[in-house]
Each structure stands twice: as structure tokens, then as C-alpha cells.
């Protein structure tokens, strides 16, 4: 069994938000590390047949809203299904998560806090002051992370992560990969748990 799980997400994804807490708890319970990859779905969707929300059929958009009403109630997770600052430019925030991940300073926790900022707190994660405040709430040095996030090196690594995601079969968020098995969607976390326990 692998010692870590690769976690592909976008900070603009409500499904990443809805699954994040349970995923983090699952990793803790099994003593596993989670490698958070805040990839660019603007790159992944065109390569894998996906469509941004505004280009999906009215039927798919309507069903998405129904699911966003049902799942939070089922999970007991607060959510604003039409957040004030969405979709946000997540470039800098994703870069900070990537930088935190590289430094071992809490990429998973920062990703969760940024998801919560968008989907539960109506905060603008494209705003630098917001990003600094969220990082501080996680006990992180937001200034250093922001400086690193703005570098060409981080941009190139995020782009490389996105290309690698496509090569590994990722097409939606969240996606969890362990030992070559792909689990797409927060509704597959029970299956991921079984896989971690060697029962799937």
C-alpha cells in the first residue's frame, strides 16, 4: 500500500469543498500523506472532453444545482451554492497551495481553508489580503507563500502537474489516486476508504 494519496482539485469546485474535510480525516485515520495538486482545469477540460459550467446543457446545470442542495444537507456541511466571488481567479491561491505543499508547510490545510473561504464564507480568494488572512488562520507565513506563488517556477510546476493529471487519467475534481486506482468525486470517498483498507 502506498504511503500517500495524490489529490487533484480546483479551488473553484464545490465538490472538492464538500469532500475535503472527509478526505483529510480519512488520511489522518490511515496515517497517510495527501499530496494536494491544485491543477488548472482550464487545461484539463479541453483535453478530456469536459466543459466549463457555462457551456454545459441547461439540464446538466439544473441537475448540478439540485445536487448542491442535497449533498450539503446529507453531509451536514454548510455551503452557499451561489457564492459571491465565484468563479474566482484561483491562480495565486493555487500557487500558494503548491508552494505550501512543496515546503511541507500544510498544503492540504491551506487548500481546505481556501475552499471554505469560497463556498462557505463568501470571501474573495483572488484578493491578496484575503489570501494572507486565510494563510495566517492556518498558521502559515502567507507573505512567503505568496511571494513563492508568484514565481515562474511555481507556475511551471502547476502547469506540469496539470499535464501529468491528464496523463494519469484525471478529468474532473476532486480526483484521488492511490496505487494506480482513480477515484473521481467526493461521492467516491467511501470506495477510497475500502481501497485503503485493502477491501477493494
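The values are calculated or read from the model by the stated rules, or taken from the named source; none is laboratory data. Quick caveat: nothing in here was measured; it's all calculated off a predicted structure. So basically every Cβ, Gly included, is an ideal-geometry build from the backbone, and we count neighbours across all protein chains shown.
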Worksheet item: So which pairs qualify, if the first residue must be in region 181-200 and at pLDDT below 95, the second must be part of a helix (DSSP H, G or I) and exposed (fewer than 15 other Cβ atoms within 10 Å of the Cβ), the Cβ gap must be under 8 Å, and the two must be at least 6 apart or on different chains?
Response: 200/194
Response to the item:
Looking across region 41-77 at residues that are surrounded by fewer than 11 Cβ atoms within 10 Å (Cβ to Cβ) and not in a helix (DSSP H, G or I), the single one that is farthest from the chain's Cα centre (by Cα) is 57
Worksheet entry | Given (1) within 13 Å of residue 11 (Cβ to Cβ); (2) within 15 Å of the chain's Cα centre (by Cα); (3) part of a helix (DSSP H, G or I), index of the condition residue 125 fails | (3)
Worksheet entry | residue 83 vs. criteria out of contact with any strand residue (DSSP E or B) (no Cβ under 8 Å at 6 or more places or on another chain), crowded, with 18+ Cβ neighbours inside 10 Å and assigned to a helix (DSSP H, G or I) | no
Discussion item. Quick check on my filter: what residues within region 155-173 are assigned to a loop (DSSP other than H, G, I, E, B) and either surrounded by 15 or more Cβ atoms within 10 Å (Cβ to Cβ) or in contact with a helix residue (DSSP H, G or I) (Cβ under 8 Å, 6 or more places away or on another chain) (or both)?
Written reply: 170, 171, 172, 173
